[in-house]
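The values are calculated or read from the model by the stated rules, or taken from the named source; none is laboratory data. Computed from a predicted structure; not experimentally measured. All Cβ positions, glycine included, derive from the backbone under ideal geometry; neighbour counts span all protein chains shown. SASA here: full protein model, heavy atoms, side chains in, ligands and nucleic acids out. Shrake-Rupley method; radii C 1.70, N 1.55, O 1.52, S 1.80 Å.
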Protein chains: 2
Amino acid sequence: MEFNKIIRGPKRESNSEESVYQILDAGFLCHVAFQHEGQTMMIPTAYGRKENSLYLHGSTKNFMLNQLVSGQTACISVTHLDGIVLARTLFDTSVNYRSVVLFGKALMVEDEQERMDGLKIITEHIIKGRWDEVPVGSENELKATMVIKFTIDRASAKIRNEGPKGDEEKTNEVWSGHIPLVMKALTPVPDEKFGSSYPVCESVKNYYEQHK
Amino acid sequence: MEFNKIIRGPKRESNSEESVYQILDAGFLCHVAFQHEGQTMMIPTAYGRKENSLYLHGSTKNFMLNQLVSGQTACISVTHLDGIVLARTLFDTSVNYRSVVLFGKALMVEDEQERMDGLKIITEHIIKGRWDEVPVGSENELKATMVIKFTIDRASAKIRNEGPKGDEEKTNEVWSGHIPLVMKALTPVPDEKFGSSYPVCESVKNYYEQHK
């Protein structure tokens, strides 16, 4: 993996494999930008990571996935919003965040074992343990599913995680600081269509405990 | 504003101006995809909306902003992750979300009044009321700030906000349902560099009350 130098806000550069992986592993929603007939397009989707690759999946008819395996260098970004930073001037007002921007190419995963591994990696990335609790799906459903592997060629990571900066010389006397933001899970809601609910699974319990 | 038809998951299509605006107004972080010398690139940034336009800002030297005003049709996406949907099979496992994908062109805002209006729209979009509590910045800081206006030409909106679907025929007896996810604010943290803290401002109090 090579790294792209951060030009704007170089103090926030956090270009290391460890940092890129930590940011990727902290979420499962990415935005994928690609081109189709010269037009820039972008779609949000779920991902899972293994080493320096991201696995994406969808229908075999999925427009984006089919564009991605056409050989183009696509761009994937993952951003976690961690807070609003309120300085003594609006100029120095900012946000706390962790973000990566990745460049790379994607290949269709053809090998059946790797396809299943890819699906497991995505599932376990969204909610750990669910893979062992429910079946993947029918044979036809699996046939209709496409898995692609995006290998990170170049990456950059930016992290800002502190209070206001840059307003040290300002003398207006006003509250300044930051408001931390976190993604929280609310109480899991059972599916009502099967009537009375079954005991909450371990994967759901664990996720809720970690994120409530 | 014209609308792009949703091909994958058309049941989740929510293509109306009202829906697009509601999704945009519920956040302030977008991903902007553009091209530079044929390469797809993407950067996350803050935005504010007025009617069918988004205002973005940054340094006059900001690479992305300067690419955006070069005449190309860029793509901006905003996605809110609202939950994890756990069906009786992994095939029907999904997420709840609200997302928009926008296509349009951006112009540099030259008019001084509109520049200030744009900055106010972005600021108020991030945290309402802050604009009146602190000064914008020095004359030099304002000179070094670029404001651009991205007008939405075509848009699509997708919303999924329900429990599992598609697993109606599955007979495996296991908990299924969804885990709602929400972005929460934690207690505001005063900036320590100015010594003892000033009373918390109304903008911060209100934001915290609404998001805690």
(request) In nm to one decimal, list the spacings between the B:Asp132 label point and its equivalents in the other copies, with label points set 7 Å along Cα to Cβ, shortest first. (result) 5.7
(request) Could you look at chain B and say what percent of its accessible area is carbon and sulfur, using a 1.4 Å probe and all protein chains? (result) 49 percent
(request) Give me the lysines in straight-line cross-link reach of B:Lys212: C-alpha distance below 16 Å, same-chain residues under 8 apart excluded. (result) A:Lys184, A:Lys212, B:Lys128, B:Lys184
(message) Please list the three semi-axes, largest first and in whole Å, of the ellipsoid equivalent to the range A:2-179, using sqrt of 5 times the eigenvalues of its alpha carbon gyration tensor.
(response) 37, 18, 14
(request) Let me have the relative contact order for chain B, percent, based on Cα pairs under 8 Å that are six or more residues apart. (result) 27 percent
(request) List every residue whose amide H lies under 5 Å from the amide H of B:Thr93, counting only residues 5 or more places away in sequence or on a different chain, with H placed 1.01 Å from N in the peptide plane. (result) B:Ala87
(request) Please work out, to two decimal places, the log10 of the ratio I(q)/I(0) at q = 0.06, 0.14 Å⁻¹ from a Debye calculation in which every Cα of the protein assembly as shown carries one identical scatterer. (result) -0.25, -1.38
(message) Under the convention of a label 7 Å out along Cα→Cβ, give the distances in nm from A:Gly38 to the same position in every other copy, shortest first.
(response) 1.4
(request) With a point put 7 Å past each Cα toward its Cβ, work out how far B:Lys193 is from A:Gln113 in nm, to one decimal. (result) 5.5 nm
(message) Spelling out what I want: for every residue of the range B:185-197, take phi, set θ = phi - 60°, compute 6.51 cos²θ - 1.76 cosθ + 1.60 (Karplus), and round to whole Hz; glycine and proline get x.
(response) 8, 8, 3, x, 10, x, 5, 8, 6, 9, x, 4, 7
(message) How shielded is A:79-88 by partner chains, expressed as the average number of their Cβ atoms within 10 Å of its Cβ atoms?
(response) 6
(request) Report, ordered by chain and residue number, the lysines lying within cross-link reach of B:Lys193, taken as a straight Cα distance under 17 Å and ignoring same-chain residues fewer than 8 apart. (result) A:Lys165, A:Lys170
(request) For B:Glu110, place a label point 7 Å out from Cα along the Cα→Cβ vector, do the same in each other copy, and report the separations in nm, one decimal, smallest first. (result) 5.5
(message) Largest first and in whole Å, what are the equivalent-ellipsoid semi-axes of the range A:79-175 based on the Cα gyration tensor, each being the root of 5 times an eigenvalue?
(response) 45, 17, 9
(request) Mind ranking B:78-88, B:139-149 by how tightly packed they are, going by the mean number of other C-beta atoms within 10 angstrom, highest first? (result) B:78-88, B:139-149
(request) Would you mind counting up the charge near A:Asn172? Only other residues with Cβ under 10 Å from its Cβ, with Lys and Arg at +1 and Asp and Glu at -1. (result) -1
(request) For peptide A:148-157, compute the average count of partner chain beta-carbon atoms within 10 Å of each residue's beta-carbon. (result) 0
(request) Any of B:Lys5/B:Lys149; A:Lys120/A:Lys149; A:Lys158/B:Lys120 with alpha carbons more than 18 Å apart? Name them for me. (result) B:Lys5/B:Lys149; A:Lys158/B:Lys120
(message) What are the membrane-span-like helices in chain B by this rule: whole DSSP H runs, Cα extent along the axis at least 24 Å, mean Kyte-Doolittle hydropathy at least 0.5?
(response) none
(request) Please average, across the residues of A:30-36, the number of beta carbons from any other chain that are within 10 Å of each residue's own beta carbon, and give a whole number. (result) 6
